[in-house]
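Input: a single structure, listed below in structure tokens.
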Amino acid sequence: MQAYVRLEDSGLIEARPRSGYYVRSRPSRQAAEPVMSSPPAVSTDVNVANLVFDVLEAIKHPEIVPLGSAFPSPEHFPTERLNRAAADAARQLPVWSSVRDLPPGNLELRRLIALRYAEAGVEIAPEDIVITCGAMEAINLGLNAVAKPGDIIAIESPTFYSTLLSIERMGMKVVEIATSPRDGIDLGSLQNALDTLDVAACLVMSNFQNPLGASMPDEKKRELVAMLAKANTPLIEDDVYAELYFGNTRPRPAKAFDRSGLVLHCGSFAKCLAPGSRIGWITPGRFKSEIERLKFVSTISTSSLPQAALAEYLKHGGYERHLRGFRQRLAEALAAMTEAVTKHFPAGCRLTQPQGGYMLWVEMPKSIDALRLHQLALAEGISVAPGPLFSVKRKYKNFVRLNYGHFDVKSTVNAVRTLGRLGADLMR
Ligand SMILES: Cc1ncc(COP(=O)(O)O)c(C=O)c1O
């Protein structure tokens, strides 16, 4: 057993649940990881909207291989079982549900979410959870609860473009903090920003960061929470990928270390189970009543039926089984995409080694302009998410984020081969 553990740690073999150990297929050469960027500790207005919408438009067309999408393929999800749960829930929906499900939302669903927190070692009561329209609404409510226009939000660099759009729309500013592709936000740089700027809040993806795939170790999460508590600065924790881990256990959120109620933890079923349900939640700590009021004045409530349908599925639908299969497929797709990028992209590319989620972040040679690659790829029926989307200063000009959550691994690998050829053309 020790020999197996040593071989697995060295990446030579892999364990497959209920099957045994297998020799791992390895790329012919192992590409290096991208290095951490070092943005200056100054605050900046945000302006990324046009670029984001140009790229998002391409994702809507089903004939395009969606390597630029932020969603996994809908084919990964247990649609039939979800539909059955929705039908059962609809038949039993109480007359008073529209009133009972007003914020904080459906009690049974909150109870089941609290149970999942407990399984991850976090003590959260159903009363501490507010149901939202996806994590995006949770993040927006969190930002509105802790900051106002003109305030500075500390964010990771690179970071998820929709969050940048939200901050832009709210008239807030950002300070971009260097973030390691392996273990997340750099605490020294964050401390420096806290010391030199009037930071109103910090927004962090603690597990499988989008686009880096980085995950903070528990000790670092603990330190982050303590650092922010000392500065009395709220932490909005965006944790939508936590269920999609490739290791043995679900990673804990930073919220697990929150003793002062300053962490607002945002979760969602959109990435791991039911994107169309638009069900997410926030566990807002000491900001609960403010969040409930903001939710009420923005959308009144989340629809009753999707809440009841998800509660029904979580009780009887086989969620754990679905997640096991989904994680396994994603881990295999990651191996295939890593191998394809290593083989087909121009020499000198660097790529991340995510331990969960479905995003690969690729640094290409400086002479490859990711926006140009995006245009050329679209003409060949492939979308990519170009690096400048992920920064207020439109940095990462030679980076792309590739989604390996597409169901058809073969077409993903073919698309990567095409991207490699286009990249090589751009270097000429
Ligand atoms: C990091 C991150 N946070 C939040 C969201 C939004 O989640 P939801 O679809 O639940 O609103 C996404 C979606 O792509 C995401 O990648």
Segment 280-339: radius of gyration and largest Cα-Cα distance (Dmax), Å: 17.8, 49
P(r) histogram, all alpha-carbon pairs of segment 90-157 included - 10 Å bins from 0, percent: 17, 35, 32, 13, 3
Cα centroid separation, segment 258-275 to segment 193-209 (Å): 17
Out-of-range pairs (alpha-carbon distance over 26 Å; input Lys221/Lys271; Lys315/Lys410; Lys255/Lys397; Lys60/Lys366): Lys315/Lys410; Lys255/Lys397; Lys60/Lys366
Sorted peptide list for 340-351, 317-328, criterion being average Cβ within 10 angstrom, highest first: 340-351, 317-328
Mean Cβ count within 10 Å, highest first, over the residues of peptides 374-381, 66-73: 66-73, 374-381
Potential lengthening between Glu33 and Glu332 on full extension [0.36 nm per residue; Cα-Cα distance subtracted]: 105.7 nm
Between segment 129-171 and segment 80-124, the Cα center-to-center distance that results, in Å: 25
Inter-site label distance for Ala379 and Arg321 at 7 Å from Cα along Cβ, in nm: 4.9
Contact order relative to length of segment 221-303, as percent, for alpha carbon pairs under 8 angstrom and 6 or more apart: 25
Estimated inter-spin distance, Val99 and Tyr22, nm [label 7 Å along Cα→Cβ]: 5.6
FRET efficiency estimate (nearest 0.05) - Cβ-Cβ, Glu63 to Lys397, R0 35 angstrom: 0.80
Counted charge near Ala70, where neighbours are those whose Cβ lies closer than 11 Å (Asp, Glu -1; Lys, Arg +1): +2
Where the Cα pairs of the chain fall when distances are cut into 20 Å bins, in %: 26, 59, 15, 0
Net charge, Ile177 excluded, C-beta distance under 12 Å - Lys, Arg +1, Asp, Glu -1: -3
Radius of gyration, Dmax [segment 270-409; alpha carbons; angstrom]: 19.7, 54
Relative contact order of the chain, pairs being alpha-carbon contacts under 8 Å that are 6 or more residues apart, as %: 24
Protection-proxy order for peptides 404-415, 186-197, 116-127, each taking the mean of Cβ atoms within 10 Å per residue, highest first: 404-415, 186-197, 116-127
At R0 = 45 Å, FRET efficiency that the Cβ-Cβ distance of Arg84 and Gln2 yields, to 0.05: 0.50
Heavy-atom accessible surface of the chain: percent carbon and sulfur, 1.4 Å: 52
Centre separation in Å (Cα based) which lies between segment 50-64 and segment 408-422: 18
Kirkwood hydrodynamic radius over Cα pairs of segment 216-295, then Stokes diffusion coefficient at 4 °C and 1.567 mPa s, in µm²/s: 95
Helix-only CD estimate at 222 nm, as mean residue ellipticity for the chain, using -39500 (n - 2.57) per DSSP H run (n ≥ 4): -13000 deg cm²/dmol
Segment Arg91-Thr249, length gained on full extension (0.36 nm per residue, minus Cα span): 53.3 nm
Length gained when the stretch Ala347-Ile300 is fully extended (0.36 nm per residue, less Cα-Cα span): 11.6 nm
Label point 7 Å beyond Cα of Met427 along Cβ direction - residues of segment 343-374 with amide nitrogen under 16 Å: 343-351, 362-370, 373
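The values are calculated or read from the model by the stated rules, or taken from the named source; none is laboratory data. Bear in mind the structure is a predicted one, so any value in this text is a computation, not a measurement. Methodologically, a virtual Cβ is constructed for each residue, glycine included, from the backbone with ideal geometry; neighbour enumeration extends over all protein chains shown. Quick note on the areas: whole protein, heavy atoms, side chains included, nothing else; ligands and nucleic acids left out. Shrake-Rupley method; radii C 1.70, N 1.55, O 1.52, S 1.80 Å.
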